[in-house]
Amino acid sequence: MRLYFSFILFILITFSIGSLGEPRLGKDFFLLNDPLPVKQDGIVEVTEVFWYGCGHCYAMESKFKSWNKTQPDYVNFQKMPVTWGPVHKVHANIFYTIEAMQQKNDLHAAVFSAIHNERNFLSSDIVAERYFAKMGVDIDTFQKYFNSFGVKQRVSRADKLSKQFEVTSVPMIIVDGKYKILAKSSHEETFEVLDYVINLQKDSS
């Protein structure tokens, strides 16, 4: 019996060691079927495709902030909201409205908190207006940006890119419009793959 358990332990350890190592294309990260043209400017673009209503995206929010603070100048990180359905499009509009207003306080964090902690899903324009007014945002300013051509144009572009990137789940990470990384079983593993792909892309540019 002792010999049997020793054998099983050996198999498990061997499997674990064999499963470690550098991330692999087609297993840990994937080439996009319809990639964007890569700019030869030395900058690696990293885009987190997310949704405010996604619990995993909420859990990753602080992780991405911490990660982004440690990145070299050649890494440009940005977020892009999904636009699958009516609620997603309202949330995408909210995201780009916040970006356009350039508020000093972190309204993105406030929106995540409203949805996941206060159970306020911000599912319509009116509900969003009321919430931001409560947050001290001038309602006329909010409406000006929320209904602006610039914000609608950015939502439209996000919708186009989501389809081009074949986004079927979030969070999803796009590197240089060429590779996509799906969320792994742990945050640490996700960022290990991301760092690997960034270095891979930097070396090839």
Result for the stretch 18-154: accessible area per residue, probe 1.4 angstrom, in square angstrom, of 55
I want to check the label-to-label distance for Ile139 and Tyr74. Put each point 7 Å from Cα in the C-beta direction and report it in nm to one decimal. 5.1
Relative packing of peptides 191-200, 21-30, 110-119, 135-144 - highest average C-beta neighbours within 10 Å first: 191-200, 110-119, 135-144, 21-30
What do you get for the angle between helix 107-116 and the principal long axis of the chain? Use alpha-carbon atoms, 0 to 90 degrees, nearest ten. 70
Using the alpha-carbon atoms, what tilt in degrees (0 to 90, nearest 10) does helix 187-204 show relative to the longest principal axis of the chain? 90
Rounded to the nearest percent, how much of the accessible area of the chain (1.4 Å probe, protein heavy atoms only) is carbon and sulfur? 55
If one takes the longest principal axis of the Cα atoms in the chain, at what angle in degrees, from 0 to 90 and to the nearest 10, does the Cα axis of helix 125-134 lie? 90
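The values are calculated or read from the model by the stated rules, or taken from the named source; none is laboratory data. Worth saying up front: this structure is predicted, and the values here are computed from it rather than measured. Using ideal geometry, Cβ is built from the backbone for each residue, glycine included, and neighbour counts are taken over all protein chains shown. Areas reflect the complete protein model, heavy atoms only, side chains present, ligands, DNA and RNA absent. Shrake-Rupley method; radii C 1.70, N 1.55, O 1.52, S 1.80 Å.
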